[in-house]
1. Among the numbered criteria (1) loosely packed, with under 13 Cβ neighbours inside 10 Å; (2) over 26 Å from P147 (Cβ atoms), which one does K53 miss?
2. Taking only the stretch 194-244 into account, find how many residues are surrounded by fewer than 16 Cβ atoms within 10 Å (Cβ to Cβ) and farther than 18 Å from H177 by Cα.
3. Could you tell me which numbered condition G94 fails, if it satisfies all but one of (1) touching a Cys at 6+ places or on another chain (Cβ under 9 Å); (2) modelled with pLDDT under 85?
4. Scan the stretch 105-119 for residues that are surrounded by 14 or more Cβ atoms within 10 Å (Cβ to Cβ) and over 15 Å from the mean Cα position of the chain (by Cα) and jot them down.
5. Pairs needed: first member in the stretch 171-184, in the same structural domain as R241 (by TED's automatic domain parsing) and touching a residue at least 60 places away in the same chain (Cβ under 8 Å); second member anywhere, among the small types (G, A, S) and assigned to a loop (DSSP other than H, G, I, E, B); C-beta distance under 9 Å; at least 6 residues apart or different chains.
6. Looking only at the stretch 34-59, which residues are under 12 Å from F9 (Cβ atoms) and assigned to a helix (DSSP H, G or I)?
7. Could you tell me which residue of the stretch 100-126 is modelled with the lowest pLDDT, considering only residues that are assigned to a loop (DSSP other than H, G, I, E, B) and either more than 25 Å from L215 (Cα to Cα) or touching a Phe, Trp or Tyr at 6+ places or on another chain (Cβ under 8 Å) (or both)?
8. Can you tell me which residue among T160, T134 is of a type in the set (S, T, Y), touching a Cys at 6+ places or on another chain (Cβ under 8 Å) and either under 17 Å from E229 (Cα atoms) or modelled with pLDDT of 90 or more (or both)?
Amino acid sequence: MELRLLRYFVAVYEEKSITAASRRCYISQPSLSNAIKQLEEMLGVALFARHKKGVNLTDEAHHLYPSAKKLLKDARELTSLFTEEQAPVQLKLGLFPDLSPMQLKETLAKMRRVSFSLQLEVVDHDAPSDARLTLDLFKKEDELFTPLWEEDYLVCLPETHPLVSVSSITGEMLHAHPFIECPPCEAHQQTMGILAGEGMKLNISTRAEHKGQVLQLIQAGFGISFLPEGVAEYGQGVVTRPFDGPRMFRRIGICYPSARDSSRVIRDVLKQMVA
């Protein structure tokens, strides 16, 4: 049995979605579906029940999952059993501000587990570096980008705001309350376009240059705004609600030069992180 089939199975099991698993494994959905079908035929069982919103896990999938995880873990460790202690690998990583603390901690922990000889230096996003943990929109022409996670934009409100009582926020509700604008924010620009198409516009009362400032203004009671989930994690005294409209999100991953020798180290790290 090929280990890649087990990797694909684990991805679908954990994501509960062929679409999400295909992004995680960096292969097309048809290829992933065919691989899962091949694994099911080899085992003689159905592992997933497909439906429009994703997949349901069968009892056989629950039974296979722990064994598959163990086999993949053993395979990763096997390559280092008879090798000499690795020489230290240095990597300078630029970090985009306002990343999710939980996702950032998990990502850095994965990098450390992949290579305990990794000597990591963390620098500002715009400083010279070997790679950057950043948004896909900051990818340069001479760089490659590997996505790691996505964050939905949520409506963020002071905890005493009247809209806290509703379960989701519509465009008409936004129109009626003071709004904090962040001009560089793609979600804000998209929202204004959506509302303009419906004959409405945001009641902009305050402006800020970056998302951290927006969060502070919300906490101070200046109005409501959109923030990605990762930024909202910082917000004591801030309540989040989903937006009842088109999905707005940002994609975070690692940017690294495509034509430098150091990128090989990064590729090796990423290959293990998404395995």
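The values are calculated or read from the model by the stated rules, or taken from the named source; none is laboratory data. Every value quoted in this text rests on a predicted model; they were computed, and no experiment measured them. Glycine gets a Cβ as well: all are built from the backbone with ideal geometry, and neighbour counts include every protein chain shown.
1. Of everything listed in (1) loosely packed, with under 13 Cβ neighbours inside 10 Å; (2) over 26 Å from P147 (Cβ atoms), K53 misses just condition (2).
2. Of the residues in the stretch 194-244, 7 are surrounded by fewer than 16 Cβ atoms within 10 Å (Cβ to Cβ) and farther than 18 Å from H177 by Cα.
3. The one condition G94 does not meet is (2).
4. Across the stretch 105-119, the qualifying residues are M111, V114, S115, L118.
5. G171/G245
6. Correct list: A35, I36, K37, Q38, L39, E40, M42, L43.
7. Let us first name the residues in the stretch 100-126 that are assigned to a loop (DSSP other than H, G, I, E, B), namely 100, 115-117, 125-126.
Still in the running and either more than 25 Å from L215 (Cα to Cα) or touching a Phe, Trp or Tyr at 6+ places or on another chain (Cβ under 8 Å) (or both): 100, 115-117, 125.
Details: S100: 86, S115: 64, F116: 61, S117: 69, H125: 90.
Once the filter is applied, the top-ranked residue is F116.
8. Working: T160 fails: touching a Cys at 6+ places or on another chain (Cβ under 8 Å).
Checking each option against the conditions leaves just T134.
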